[in-house]
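The values are calculated or read from the model by the stated rules, or taken from the named source; none is laboratory data. Keep in mind it's a predicted model, so treat the numbers as computed, not measured. Using ideal geometry, Cβ is built from the backbone for each residue, glycine included, and neighbour counts are taken over all protein chains shown. Remember, those area values only see protein heavy atoms, side chains included, never the ligands or the DNA or RNA. Shrake-Rupley method; radii C 1.70, N 1.55, O 1.52, S 1.80 Å.
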Amino acid sequence: MASKFGLAGGIPERRVRPIWDAIDSRQFKNALKHCTTLLSKHPNSPYALALKALILERMGKADEALSISLNAKELLLSNDAVLIDDLTLSTLQIVFQRLDHLDMATSCYEYACGKFPNNLELMMGLFNCYVREYSFVKQQQIAIKMYKAVGEERFLLWAVCSIQLQVCCGNAGEKLLALAEGLIKKHIASHSLHEPEALIVYISLLEQQSKFGNALEILSGNLGSLIMIEGDRLRMQGKLLARAGDYAAAADIFEKVLQLSPDDWEYFLHYMGCLFDNESSMCMGTGGNPMGSTKSVECKNLKLPDEVFDSRISRASTFIHKLLVECNNDSIRCPYLANLEIERIKLVYGKVDADKLVEGLMQYFSRFGHLACFASDVELFLRVLDPRKKSEFLEKLLEGCDSTTDSPVKALGRSISVFKIQNSIDNMFTLSTGDLEGLAVQMVDMYCKSLPLSKDLDIQENMHGEELLSMTCNVLVQLFWRTRDIGYLLESVMILEFGLTVRRYIWQYKILLLHLYSFWGCLPVAHEWYKSLDVKNILLETVSHHILPQMLVSPLWSDLNDLLNDYLKFMDDHFRESADLTFLAYRHRNYSKVIEFVQFKERLQRSSQYLVAKIEAPILQLKQNAYSIQEEEGILEGLKCGNPFVELSNEIGNKSLTFNEDLELRPWWTPTFDKNYLLGPFEGVSYCPKESLIKQSEANVLKAIEKRSLIPRLIYLSIHCASSVKEHAEDNGSTSDPKLSLELKILLERYASILGFAFKDAVELVLGVSRSQKPLEVLSSDIVDWMNFVVFLNAWNQNSHEIGFSARETWNLVNCLLKKYILEKITSIGPLVSSPGSNLPVLVQLITEPVSWHSLVIQSCARTLVPSGKKKKKSGSADQNTNLQSHEIQDSIQSLCDIIGEVTKWVNVQIKEPDDKKFESIFSSLQRNEHSQGPGKIVFMLENFISSANDVQLGDRIFQALQQWSAADVARKILAGQRTLLSEFLRICEVKVKSLQALKVHL
Amino acid sequence: MTTMRRFCCNDLLRFTSVNLDHLTETFNMSFYMTYLARWPDYFHVAEAPGGRIMGYIMGKVEGQGESWHGHVTAVTVAPEYRRQQLAKKLMNLLEDISDKIDKAYFVDLFVRASNSPAIKMYGKLGYVIYRRVLRYYSGEEDGLDMRKALSRDVEKKSIIPLKRPVTPDELEYD
């Protein structure tokens, strides 16, 4: 049955070759032609059919491809005479996989394996199918079969990995691990082990069962020699000893590790941990989770007698001293930093005062202060100093910085380190405005003076002192936060634009800028800078948070659509191909990667951002098409009437989501995606630790997903309930499905409860606000959600008598609340140009969400009252009702048109105001005088610097770049960005008004 | 201080500050994962205290007979950790594995002909320009194939420079 030599799927190779060539060169029509010829000669060849299916799938003809694949499958399974080989099956498998019918490929392989037992090729194919389906138990079973058939080590390990997967990614209990251990033991007895990865898996198995002694025995026996790098073996040994609780022996081993790799900070921490009988950081496993970010030895639970503490700390000191003597090398920093850690521990234990640590820090500074990583190296040690000692340290640094006789580059590096330390000890938030201004000036001055140092650098290389401008920006932003003087904000934008004119590659500036532009209503410019970061592939998961939240509430729909689509495509592609990569790891016998890959895929599948994008992409589609109920119904049908999203909302509470955004690179003023300090009054930022902020943001995301996932279904149900308005329904008997009405009620209750209210209370609250019995502010913080609630409530009330309000009353409720809040927003926003952090995004959301959904409800009612093509009837009591309703709907349309009209008017005023006037209003915020207080000094400095720059000193490239920068251009860029944003918003408003007016005419 | 360890999938979520650099390519997932699945010993990351990623190296081992060699696919260091010989440490690690574990004859790498800072750095690490590959980068820019002989190549035959440039289709490996 196997392919014979020169035959492919039973067909001579020479006949098949042209087809594959054409497929490979993407000439699918040509391939199809060859394939049709082939099929005329071999009409019942499953291989030829599989090829045809493959070609059709590539041509985008999924239905035809599936039907032909099923033909081929049928032939394979029913006709004993046809040839079954791996080539046919794997070709078919490719097609089924691309058509999302993995199960069909599996059943083909299952059949083939049943028919030809012990065929290794087919069994591997079947194993691969189970890998794709993540069927760990079946994987294990077939791997064992293969192992029994040929006795090879690799198949045994495939089975063992499958068992481990059942335990760590499936539901199996840990007892199963003993089975895996038994299998390996038996194999070792007869065949030993030959692959290092096999040994690693074996040891991890023992470790997972806490059999550390056994693992150590194996490692020090003959098999240990499979780990060829001595350092790796020692590391494993040390960790096992530590986990077994033999800290003394582990510490000895870790000393050996450090002698081999004196720069290994992580193992220094393990060493210290063992000296102090603390193994909390020890955890190995094959899951690809290295011990990671153990920050420092935590000694809180340590209760060692004094003399033991002293002797152990002195052992550590002596050992580190020895290391320092042996490797007197400035590129190895660990032993120097280790000294600081020893001093820190002594301080925490009250053995010494803080002076010793400060002294150690000063020594570290004198050796490594010029490095860009100095500040982050010592960050941990500064935390144990009290504010007074911190200031003392800073003073010493400032002295030490002045007295140095280093090279200019090193001196610059040290000065930057001092600025960074000043920043990290929160000194910045206590300085006076004048001092902060002075600091900014000092940093920009240093930047300008250091430019000649970069004269001969390639444009690709980082320039000396680049960090100075990021730090200046941070100071200026703080000045803005304190004083609300937009001059500082303008300067912070200008300084970064200046830096990017000098060298356009600096991503740190781009990230700061995109947040500043977003804050100032220049989202199009922010988005441009984001695009210049070239965020792609996995960075989409970790970096998108810089722009995505702003885009989600903006009118830049087309850009948002691209963002969401690119991201979702990346994630979905990965989910599709991940299993094949897992199989690759199996094939190449890198078993530890198998488990790592599966866990990583699961981590990405549980990504909160992925879920957000999954729900926001359809909501965007719904927003974009809300002008037409027909379009919207088509979309809703494609979304299975919103049902899958409701399921997502139901499940969210039980899911443990992952948050993979890299928040480290966010500016201090917006440490998480939903926090912006600049929106509130100046308070300093140290009052809220970042960790709790992140926790809060993560909780908010969960809530948001739960809530937003209900929207598509709420829209669907609203359209349906509104299409059978109650009086009308009673008259002509055409009721809508009562189940839908009931479901809408249940979802409304859920929606209200997510907002923190019982349904009844929520209804009372919105009524209270509409009747001015309650202040507008009570709904303000979640205003978009509340308005959505009101809109859906009205739709439901058209078909229900439950809350005792007439249809008219809830129509009025929606009209009244939308009007109140939207008008309130317009009056409070102020001119966009001089109101950074304005409420524009909320206004945009109100128009693009509740107003849109409400217009759909109106369209739905109108369609019921006046079905298209029919003329209005003009007699009878039913008509009286119809007229009444028609009147209400007309009122609502008018009300919406008026509201949107007000918005349009406001936007037009913003857009049409002459640029010169707007320019003057922001540009005049810069005093442009060296000596006056307030913003402007930095720009003044830069302009002076540019006018006095000389090309000999700076080199041609930098000199030319400087000439291109202009402060006025930056201000104009802000105006242009705002104009684009407003124009997009205006366009959306105009489309809405137009479609509503057309509807009104129709009524 | 630098902890060197095997690169793992989770590091893909933490290497942002390294990869935002415009010279560091962010490949698609199957590219990284193929390297992890096939040559995990050639993919290492350097970690700073607190777990920050300082830089990483990815590579592979391939070839037949005397052209069995280690290959550096990418090596990169975050701005914060530059100018402290980290790239050298990462390169040495890969060379060591090629030399001692896989007994390769040489290590090679490709670099843009215009990237003079990198060419200079590799030169310092003992790499010589073995040959020029015409229009190697997107059919536009020439690449330089640089090599360093390992202990198995006693006579250092593998690094004798070719006299003429080659075209990409003449390359033995992708």
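Looking across the stretch B:36-79, the residues that are surrounded by fewer than 22 Cβ atoms within 10 Å (Cβ to Cβ) and facing chain A (nearest Cβ under 8 Å) come down to B:ARG38, B:PRO40, B:GLY50, B:GLY51, B:ARG52, B:PRO79.
In the condition set (1) crowded, with 22+ Cβ neighbours inside 10 Å; (2) over 15 Å from A:LEU896 (Cβ atoms); (3) out of contact with any helix residue (DSSP H, G or I) (no Cβ under 6 Å at 6 or more places or on another chain), A:VAL851 is compliant with all but (2). Of all residues in the stretch A:445-469, those satisfying the criterion of being within 14 Å of chain B (Cβ to nearest Cβ), open to solvent by less than 20 Å² (accessible area, probe 1.4 Å) and part of a helix (DSSP H, G or I) are A:SER454, A:LEU468, A:LEU469.
So which residues in the stretch A:539-597 are more than 14 Å from every other protein chain (Cβ to nearest Cβ), of a type in the set (S, T, N, Q) and not in a helix (DSSP H, G or I)? Scanning the stretch A:539-597 gives a single hit, A:SER554. In the stretch A:434-456, the residues that are free of Cβ contacts under 8 Å to residues at least 12 places away in the same chain form Cβ pairs under 9 Å with partners that are in a loop (DSSP other than H, G, I, E, B) and open to solvent by less than 40 Å² (accessible area, probe 1.4 Å), at six or more places apart or across chains, as follows: A:GLY438/A:LEU431; A:LYS449/A:GLY465. For A:PHE673, the conditions (1) within 14 Å of another protein chain (Cβ to nearest Cβ); (2) open to solvent by less than 70 Å² (accessible area, probe 1.4 Å) are fulfilled apart from (1).
Only helices (runs of 4 or more DSSP H) whose full extent lies in the stretch A:312-397 are considered here, and the ones with at least 3 residues that are away from every other protein chain (no Cβ under 14 Å) and more than 19 Å from A:MET428 (Cβ to Cβ) are A:334-348, A:354-368. Taking the stretch A:213-258 as the range and being open to solvent by 30 Å² or more (accessible area, probe 1.4 Å) and touching a Phe, Trp or Tyr at 6+ places or on another chain (Cβ under 9 Å) as the test, the residues that pass are A:ILE218, A:ARG235, A:ARG243, A:ALA244, A:GLY245, A:ASP246, A:TYR247, A:GLU255.
Scanning the stretch A:510-534 for residues that are surrounded by fewer than 24 Cβ atoms within 10 Å (Cβ to Cβ), on the phi < 0 side of the Ramachandran plot and within 14 Å of chain B (Cβ to nearest Cβ) yields A:LYS510, A:ILE511, A:LYS531, A:SER532, A:LEU533.
A:ASP330 falls short of the stated requirement of being open to solvent by less than 20 Å² (accessible area, probe 1.4 Å), among the acidic types (Asp, Glu) and closer than 29 Å to A:LEU469 by Cβ.
Of the residues examined, A:PRO681 is not one that is at pLDDT below 95 and open to solvent by less than 30 Å² (accessible area, probe 1.4 Å).
Apart from one condition, A:PHE480 fits all of (1) outside any helix (DSSP H, G or I); (2) farther than 26 Å from A:GLY413 by Cβ; the exception is (1). Scanning the stretch A:347-364 for residues that are under 38 Å from the mean Cα position of the chain (by Cα) and open to solvent by 30 Å² or more (accessible area, probe 1.4 Å) turns up just one, A:VAL348. May I ask you to list the residues in the stretch B:107-129 that are away from chain A (no Cβ under 14 Å), within 20 Å of B:PRO168 (Cα to Cα) and buried (at least 19 other Cβ atoms within 10 Å of the Cβ)? Residues satisfying the conditions are B:VAL107, B:ASP108, B:LEU109.
Restricting the stretch B:22-35 to residues that are at the interface with another protein chain (Cβ under 7 Å from one of its Cβ atoms) and under 25 Å from A:PHE575 (Cα atoms), the residue that is most open to solvent (accessible area, probe 1.4 Å) is B:ASN28. For the stretch A:738-836, the helices (runs of 4 or more DSSP H) that sit wholly inside it and include 1 or more residues that are open to solvent by 50 Å² or more (accessible area, probe 1.4 Å) and among the hydrophobic types (A, V, I, L, M, F, W, C) are A:738-754, A:777-780, A:807-829. Mind counting the residues in the stretch A:193-219 that are free of Cβ contacts under 8 Å to residues at least 40 places away in the same chain, in contact with a helix residue (DSSP H, G or I) (Cβ under 7 Å, 6 or more places away or on another chain) and among the small types (Gly, Ala, Ser)? So the answer is 1. When A:ARG367, A:ARG383, A:ARG388, A:ARG344 are checked against the criterion of being more than 30 Å from A:VAL493 (Cα to Cα), open to solvent by less than 30 Å² (accessible area, probe 1.4 Å) and not hydrophobic (A, V, I, L, M, F, W, C), a single residue qualifies: A:ARG344.
Across the stretch B:2-21, the qualifying residues are those that are within 20 Å of A:LEU269 (Cα to Cα) and facing another protein chain (nearest Cβ under 7 Å), and the one among them that is modelled with the lowest pLDDT is B:THR2. Output yes when any residue across the stretch A:609-631 is within 14 Å of chain B (Cβ to nearest Cβ) and either touching a strand residue (DSSP E or B) at 6+ places or on another chain (Cβ under 7 Å) or open to solvent by less than 50 Å² (accessible area, probe 1.4 Å) (or both), and no when none is. Yes: one or more hits. Checking each residue in the stretch A:184-212 for being open to solvent by 40 Å² or more (accessible area, probe 1.4 Å) and aromatic (Phe, Trp, Tyr) picks out no residue at all.
The residues of the stretch A:582-591 that are open to solvent by less than 10 Å² (accessible area, probe 1.4 Å) and either under 28 Å from the mean Cα position of the chain (by Cα) or under 15 Å from A:ASP100 (Cβ atoms) (or both), listed by number, are A:THR582, A:ALA585.
Once the stretch B:80-92 is narrowed to residues that are of a type outside the set (Lys, Arg) and open to solvent by 40 Å² or more (accessible area, probe 1.4 Å), the residue that is farthest from the other protein chains (Cβ to nearest Cβ) is B:ASN92.
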